[in-house]
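Have a look at the structure that comes next, please.
The values are calculated or read from the model by the stated rules, or taken from the named source; none is laboratory data. Just so you know, these numbers come straight off a predicted model, no measurement behind them. With ideal geometry, Cβ positions are generated from the backbone for all residues, glycine too; neighbour counts draw on all protein chains shown. For the accessible areas, the whole protein counts, side chains as well, though only heavy atoms, and no ligand, DNA or RNA atoms are used. Shrake-Rupley method; radii C 1.70, N 1.55, O 1.52, S 1.80 Å.
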Amino acid sequence: TELYEKGLEKTNKGFGARLNAFFAQFRSVDEDFFDDLEELLIESDVGFETAETLTEELRNEAKLQKAKSRDDLKRVIVQKLVELYDENGDEEDEKLRYSADEKPNIYLFVGVNGAGKTTTIGKLAKRYNDQGKKVILAAADTFRAGAVEQLCEWGKRVGVTVVTGPEKADPASVVFDATQKAIEEKADYLLVDTAGRLQNKKNLMNELEKIERTIQKLAPNQPTETLLVLDGSTGQNALMQAKDFDKTTKLSGLVLTKLDGSSKGGVVLAIRNEMKLPVKLVGLGEKPEDLADFSAADYAIGLFH
Ligand code: GDP
């Protein structure tokens, strides 16, 4: 919760800050209040439909609960935000698949360049390493030399092994080596960084399919996740990217980064509503510890701090 509060309050243009500023001007529960709230939700990229539904439900709920004060209304909003999120999926989905017996647990990170894949992998590696788990990273973004270097830097910083291949190597061959190594060394986690070229969808799709087949062959019983990393600060753009990727590859969940200081953080709700894909992790800053499991309740409460 603290991380959310810190992350979401970071700048005064954040979604949370806007909500707070809105509430600071609160006078009474009337039609203007709900109209202005709806406008604010739309501007924060909650999505038009979601904003409309949410406002309507808030209006009804506020009446039902006889909400009059500022705090009454905040409470109703938090409650509705959580309900809206939960309605669209079940809680079990929200957790990363994990098995202590069928190791390694393999998480594949996909998404366009700059979304925050490498950073998220680095943060997660630190989290697991701090828990005393064995982590191996696979640098399967062989297309960009910088990407491999960046992952190696995280590896060094956190103190975990990074499996790399020669420049322009077949990403699937790097994944093959890394999976083998992770099995041999009984690693708890294998985190795979992939290339984020959307310009050539067919190539990207083939590449991801080949990586998934490789993992399937070597580790058929291990839990796997294909996580799409999205830059949350791009708002509705992130939603469009999610739709695009969902067409080319089977996703199991989302990671939303850069929610700190983003005025468009409302997109979390839009994505959940439209994609029915769970947000599994959120990035709340650039530091290694600025990563949290997604919690609709913490998110909603964090918005008001
Ligand atoms: P990749 O190309 O998808 O691997 O993206 P990177 O991991 O290289 O991230 C791109 C930039 O976004 C870097 O400058 C990161 O420090 C920054 N970044 C990643 N996650 C977050 C986050 O949660 N908050 C903030 N503020 N910056 C982030």
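Quick check: net charge around Ala24, other residues with Cβ under 12 Å of its Cβ, Lys/Arg +1 and Asp/Glu -1? Present the calculation step by step, with values, prior to reporting the outcome.
Working: positive: Arg18, Arg27, Arg70, Lys74; negative: none.
Here the count lands on +4.
Turning to a different aspect of this structure: What does the charge count near Val158 come to, summing +1 for each Lys or Arg and -1 for each Asp or Glu among other residues with Cβ under 11 Å from its Cβ? Mind showing how you got there, number by number?
Values: positive: Lys123, Lys126, Arg127, Lys156, Arg157; negative: Asp130, Glu153.
Charge balance in the 11 Å sphere: +3.
Under 13 Å from a point placed 7 Å out from the Cα of Glu83 along the Cα-to-Cβ direction: which residues of the stretch 16-59 have their backbone N that close?
53-59
Hey, any idea what % of the chain's accessible area is carbon plus sulfur with a 1.4 Å probe?
Ligands and nucleic acids excluded, carbon and sulfur reach 47 percent.
Mind putting a number on the dipole of the chain about its Cα centre? Charges go on the C-beta only, +1 for Lys and Arg and -1 for Asp and Glu, and I need it in Debye to the nearest 20.
1000 debye
Once amide H atoms are built 1.01 Å from N in the peptide plane, which residues 5 or more positions from Asn105, or in another chain, come under 5 Å H to H?
Tyr189, Leu190
Further, regarding this structure: Would you please give the residues with an amide H less than 5 Å from that of Gly253, counting only those at least 5 places away or on a separate chain, with H modeled from the backbone geometry?
So Gly253 has HN proximity to Thr226, Leu228.
Of the options Asn273, Leu291, Ile301, report the single residue whose Cα projects farthest towards the positive end of the charge dipole of the stretch 243-305 (beta-carbon charges: Lys, Arg +1; Asp, Glu -1).
Asn273
May I pose another question? Along the charge dipole of the chain, which of Gln216, Leu64, Phe34 sits closest to the positive end, that is, farthest toward it, with unit charges on the beta carbon of Lys, Arg, Asp and Glu (+1, +1, -1, -1)?
Towards the positive end, the residue furthest out is Gln216.
What spacing in nm lies between the two simple spin-label points modelled at Leu218 and Asn113, each 7 Å away from Cα in the Cβ direction?
For Leu218 paired with Asn113, the spin-label model returns 2.6 nm.
Taking N as the number of residues in the chain, what is its Cα Rg relative to 2.2 N^0.38 Å? Provide the component values of the computation, followed by the final result.
On the way: Rg = 20.5 Å, N = 305, 2.2 N^0.38 = 19.3 Å.
Here the Cα radius of gyration is 1.06 times the empirical estimate.
With a sphere of radius 9 Å drawn around the Cβ of Phe294, what net charge do the other residues whose Cβ falls strictly inside it have (Lys, Arg +1; Asp, Glu -1)?
Result for the neighbourhood of Phe294: -2.
With N set to the number of residues, divide the alpha-carbon radius of gyration of the stretch 122-176 by 2.2 N^0.38 Å and report two decimals.
Details: Rg = 11.3 Å, N = 55, 2.2 N^0.38 = 10.1 Å.
Rounded to two decimals, the normalised Rg is 1.12.
Give the long-range amide H neighbours of Asp260: residues separated by 5 or more places, or on another chain, with amide H under 5 Å away, using H modelled in the peptide plane at 1.01 Å from N.
Those qualifying (amide H under 5 Å, at least 5 residues apart or on another chain) are Gly285.
Okay, moving on. What is the distance in Å between the Cα centroid of the stretch 172-221 and that of the stretch 57-135?
Cα centroid to Cα centroid, the span is 25 Å.
Using alpha-carbon pairs under 8 Å, 6+ residues apart, how would you state the relative contact order of the stretch 197-305 in percent?
21 percent
Where only protein heavy atoms count, and the probe is 1.4 Å, what is the accessible area per residue for the chain in Å²?
45 Å²
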